[in-house]
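Trainee: First the structure, which I've put down as structure tokens, then a few questions once you've had a look.
The values are calculated or read from the model by the stated rules, or taken from the named source; none is laboratory data. These figures come from a predicted structure and were not determined experimentally. Here the Cβ positions follow ideal geometry from the backbone for every residue, glycine too, while neighbour counts run over all protein chains shown. For accessibility, only protein heavy atoms count, side chains too; no ligands or nucleic acids. Shrake-Rupley method; radii C 1.70, N 1.55, O 1.52, S 1.80 Å.
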Amino acid sequence: MKPIIEIRDQAEAVATFTWERLWTLFDGNAERMNLAHECLDRHAGRGTAVSIKFADGRLEHHGFARLADLTGRFANWLVRQGVAAGDRVAVMLEPSLGFYVGMFGAVKRGAIGVPLFTLFGPEGLALRIDDCKPRLLLADGDTAAMAARLPGVRVVRVDGAFWDELAAESPSFAPATRASDLAIFQYTSGTTRELPEAVRHSHRAVVTLMIAALYGVGLQPSDRYFCPSSPAWGHGLWHGTIAPLALGIHIGAYSGRFDAARVVEALRELSIDNFAAAATVFRMIRHADLLAPGQLAIPKISFTGEPIDDDTAAWVERTLGSPACSMYGTTEVGVVIANYPGFAGYHVKPGSLGKPVPGWEVAIVDREGRELPAGESGEIAVRRKGEWFFIKDRGRRDADGYFFHEGRSDDVIISAGWTMSAVEIENSLMKHPAVLEAAVIGVPDAMRGQVVRAYIVARSRGADTVADIQAFMKRQLSQHEYPRQIEFVDALPKTPAGKINRKVLRDQAARAAT
């Protein structure tokens, strides 16, 4: 039978798929596996692993062999620091040599890597540090101030002295992890609870990840792949970093403040033929007016995290030469619907999420779990352990089996590809002296998909108050989480139990928009 990675026809992929065949892509097995070995060590003879495009225009390259060497040294260094298997090692760095060595070196040692977004303010960082309780935190910048705010956590600055210490360590380290051991804590403001939580991934999670890699991103070993998403979040870490490296693919990453011109430079410099990004990235490149049709030809293009608007989807296909293929799922379950980029026999239907990927049964169901016929709206659900698991999005399925997204079922806000918790934002707003009560929803935005709108019962109000609140929120949480829109109200709608009723606010906003 043809190897699973060589199957490039959608019907054949569905007909021949078994979960067991995914294991043939790896050295490890159901008993023993190490994610760092799968992503780096076994590909040491393959050449360049990571090329990083920096916001200042630099392009930096790191080989599989060098990363395997340095992660071994870091694993040995961790042992000397008393970091045991199962301890958490947090990494708060932009894509850089330090980030990849820190994450994969921790995993190689048997510790748990915890990527953290570099734009977290003190409150956003403290929430996650308090939850995961790392033995140490790798960072740059003002690490002394960070350490003062995080008592009990050793903050290690990644600088020349750090690299000098690693140079004294042996590059040889034999991982001794089980496939079921935890490898990564991935923080999300997702749908399972109101405040950020860590989804705990084992080493064997990379096997299930191949569903997204093969059918959502269309990865093949010969690809020249670029994903500018931050590896502090699910798309950038799992789909942009771990999945392609596990297949021995040379990846491109982006580091620093987003610049559409720099991303286009990277696409050209690295001769990219597989490009994955948030829908907002495509919108920003489009609005920057940097490309004319025919200047770039990228055979495989995918996006996730939010819908893409019709005008941008048409621009992608017209300008980059291929349709933008949706990839849809959850952090907890993985990708369950995709548009099969690069697969023969598959038509990308505009506006659709795609069709179920091999190995998953997906349906539209009502609140009682009854499957609904084509054309009816309901909850998107996937069968898991014999029961329907609600993804908490609404949608419909057409007569041809394509799924369409109709909006979130909860209070999560997705803006420019970032997933944000309304409750987390509200909690920080309440700490501003001018705010008496606050409620947050997402409202449509042509560029970002959604933006945060805050409804505030204020002790004082005015134009200066709005600017002050926004500046305060940028400092407290991530810089993308501040409310771009603020509306002062006399009172907030409440449920009979006294809870803020965000649905009323969403309905009001929808009526106002129409």
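Trainee: Filter region 12-39 for residues that are part of a loop (DSSP other than H, G, I, E, B) and either basic (Lys, Arg) or in contact with a strand residue (DSSP E or B) (Cβ under 7 Å, 6 or more places away or on another chain) (or both) and give the result.
Mentor: Answer for region 12-39, where residues must be part of a loop (DSSP other than H, G, I, E, B) and either basic (Lys, Arg) or in contact with a strand residue (DSSP E or B) (Cβ under 7 Å, 6 or more places away or on another chain) (or both): just 31.
Trainee: If we scan region 103-111, do we find a residue that is within 17 Å of residue 240 (Cα to Cα) and touching a helix residue (DSSP H, G or I) at 6+ places or on another chain (Cβ under 6 Å)?
Mentor: yes
Trainee: Taking region 299-353, which residues are within 22 Å of the chain's Cα centre (by Cα) and farther than 30 Å from residue 202 by Cβ?
Mentor: Once the filter is applied, which keeps residues that are within 22 Å of the chain's Cα centre (by Cα) and farther than 30 Å from residue 202 by Cβ, region 299-353 yields 301, 307, 308, 309, 312, 313, 316, 323, 324, 351, 352.
Trainee: A follow-up question, please. So residue 383 fits all but one of (1) within 29 Å of residue 447 (Cα to Cα); (2) open to solvent by 50 Å² or more (accessible area, probe 1.4 Å); (3) touching an Asp or Glu at 6+ places or on another chain (Cβ under 8 Å); what number is the exception?
Mentor: (1)
Trainee: Output yes when any residue across region 43-61 is over 30 Å from residue 264 (Cα atoms), among the polar types (S, T, N, Q) and either modelled with pLDDT of 95 or more or buried (at least 20 other Cβ atoms within 10 Å of the Cβ) (or both), and no when none is.
Mentor: No; the residues of region 43-61 include none that is over 30 Å from residue 264 (Cα atoms), among the polar types (S, T, N, Q) and either modelled with pLDDT of 95 or more or buried (at least 20 other Cβ atoms within 10 Å of the Cβ) (or both).
Trainee: Among the listed residues 435, 440, which satisfies the condition of being buried (at least 16 other Cβ atoms within 10 Å of the Cβ), under 28 Å from residue 281 (Cα atoms) and in contact with a Lys or Arg (Cβ under 9 Å, 6 or more places away or on another chain)?
Mentor: That would be 440, the only listed residue that is buried (at least 16 other Cβ atoms within 10 Å of the Cβ), under 28 Å from residue 281 (Cα atoms) and in contact with a Lys or Arg (Cβ under 9 Å, 6 or more places away or on another chain).
Trainee: Give the number of residues within region 166-191 that are open to solvent by 70 Å² or more (accessible area, probe 1.4 Å) and at pLDDT below 90.
Mentor: Qualifying residue count, region 166-191: 0.
Trainee: Further question on the same structure: How many residues, within region 163-177, are touching a residue at least 60 places away in the same chain (Cβ under 8 Å) and over 22 Å from residue 133 (Cβ atoms)?
Mentor: Of the residues in that region, 10 qualify.
Trainee: Being more than 21 Å from the chain's Cα centre (by Cα), buried (at least 22 other Cβ atoms within 10 Å of the Cβ) and at pLDDT 95 or above is the requirement here; does residue 270 meet it?
Mentor: It is false that residue 270 is more than 21 Å from the chain's Cα centre (by Cα), buried (at least 22 other Cβ atoms within 10 Å of the Cβ) and at pLDDT 95 or above.
Trainee: Another question, if that's okay. Six or more apart or on different chains, Cβ under 6 Å: which pairs go from a residue in region 423-443 that's under 15 Å from residue 503 (Cα atoms) to one that's open to solvent by 10 Å² or more (accessible area, probe 1.4 Å) and of a type in the set (Asp, Glu)? Could you list them?
Mentor: Matching pairs, first to second residue: 423/194; 438/426; 440/426.
Trainee: Sticking with this structure for a sec: Residue check: is residue 248 more than 24 Å from residue 37 (Cβ to Cβ), over 14 Å from the mean Cα position of the chain (by Cα), modelled with pLDDT of 95 or more and open to solvent by less than 20 Å² (accessible area, probe 1.4 Å)?
Mentor: When the stated conditions are applied, residue 248 does not pass them.
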